[in-house]
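Student: Quick one: the structure is below, and I'll ask about it shortly.
The values are calculated or read from the model by the stated rules, or taken from the named source; none is laboratory data. Remember, predicted model here, so these are calculated numbers, not experimental data. Here the Cβ positions follow ideal geometry from the backbone for every residue, glycine too, while neighbour counts run over all protein chains shown.
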């Protein structure tokens, strides 16, 4: 419990605010009832939330939502739960989800660590996604990086046995940190082999930001591990 409070106190994100477009405002307000999840102290019942028993993929920090939207469209038999505090991104994704009549996507606008700790059952997630998290590149800010041993302790509890943790970053130093932290954790095993980065799987869409970076010669590192709980 001490580690979880530590994670909560030292936030790995910065809330960004600004003027919302009409579409973003529509998604955030008028369409919230269709896609937004209002959080209370109760554990989320995914069967009731999605009205089915399909596997759950949780994505934390989806930004403007392009990648998560594409995945939800391409995988209708998989349920997707996105957590993001950036209101413009939340509003945009909800508006686009409505345009595509998606029924397998829900959104939470809260602190991901708090939600994982208080509102998600153990052994309930089939996949966890974290794409391009804030690298907090200054050494004095490394403690703010979300991928820490204490966070992996929490994540391992929420993932099913053999569940997948998929992280991608365009900061090599952060990629090395993520790789080392995951490989040193007793409940995670590298799907690609010891200290090997994975090839971007086809189910992770190439974003405009990433495509632009690749044209400029910027690297991207995909790190995919499976959760092994043991006996």
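Student: So, residue 39, is that one at pLDDT below 95 and either more than 17 Å from residue 108 (Cα to Cα) or part of a loop (DSSP other than H, G, I, E, B) (or both) or not? Walk me through it before giving the result.
Tutor: Values: at pLDDT below 95: yes; either more than 17 Å from residue 108 (Cα to Cα) or part of a loop (DSSP other than H, G, I, E, B) (or both): yes.
Considered against the rule, which asks whether it is at pLDDT below 95 and either more than 17 Å from residue 108 (Cα to Cα) or part of a loop (DSSP other than H, G, I, E, B) (or both), residue 39 comes out as yes.
Student: Where in the stretch 49-154 are there helices (runs of 4 or more DSSP H), lying fully within it, with 1 or more residues that are out of contact with any strand residue (DSSP E or B) (no Cβ under 9 Å at 6 or more places or on another chain) and under 26 Å from residue 202 (Cα atoms)? Give the steps one after another, and end with the answer.
Tutor: Values: elements: 66-74, 87-99, 112-118.
Result: 66-74, 87-99.
Student: Out of (1) over 23 Å from residue 125 (Cα atoms); (2) assigned to a loop (DSSP other than H, G, I, E, B), the odd one out for residue 192 is which?
Tutor: So the condition that residue 192 fails would be (1).
Student: Could you list, in sequence order, all residues of the stretch 167-187 that are surrounded by fewer than 21 Cβ atoms within 10 Å (Cβ to Cβ), touching a strand residue (DSSP E or B) at 6+ places or on another chain (Cβ under 9 Å) and not in a helix (DSSP H, G or I)?
Tutor: Within the stretch 167-187, 170, 171, 185, 187 qualify.
Student: Taking the conditions exactly as written (outside the structural domain of residue 68 (by TED's automatic domain parsing), in contact (Cβ under 8 Å) with a residue 24 or more places away in the chain, surrounded by fewer than 18 Cβ atoms within 10 Å (Cβ to Cβ) and over 19 Å from residue 135 (Cβ atoms)), does residue 161 satisfy them or not? Talk me through it step by step, then tell me what you get.
Tutor: On the way: outside the structural domain of residue 68 (by TED's automatic domain parsing): yes; in contact (Cβ under 8 Å) with a residue 24 or more places away in the chain: yes; surrounded by fewer than 18 Cβ atoms within 10 Å (Cβ to Cβ): yes; over 19 Å from residue 135 (Cβ atoms): yes.
Yes.
Student: When you go through 130, 105 one by one, which is the residue that is under 26 Å from residue 172 (Cα atoms) and within 16 Å of the chain's Cα centre (by Cα)?
Tutor: None of the other options fit; the residue is 130.
Student: Still on this structure, I have one more. If we keep just the residues of the stretch 20-36 that are under 25 Å from residue 210 (Cα atoms) and assigned to a loop (DSSP other than H, G, I, E, B), which is modelled with the highest pLDDT?
Tutor: The qualifying residue modelled with the highest pLDDT is 21.
Student: On to the next question. Tell me, please, whether a residue that is free of Cβ contacts under 8 Å to residues at least 40 places away in the same chain, over 27 Å from residue 73 (Cβ atoms) and surrounded by fewer than 14 Cβ atoms within 10 Å (Cβ to Cβ) can be found in the stretch 197-218.
Tutor: Yes, the stretch 197-218 has at least one match.
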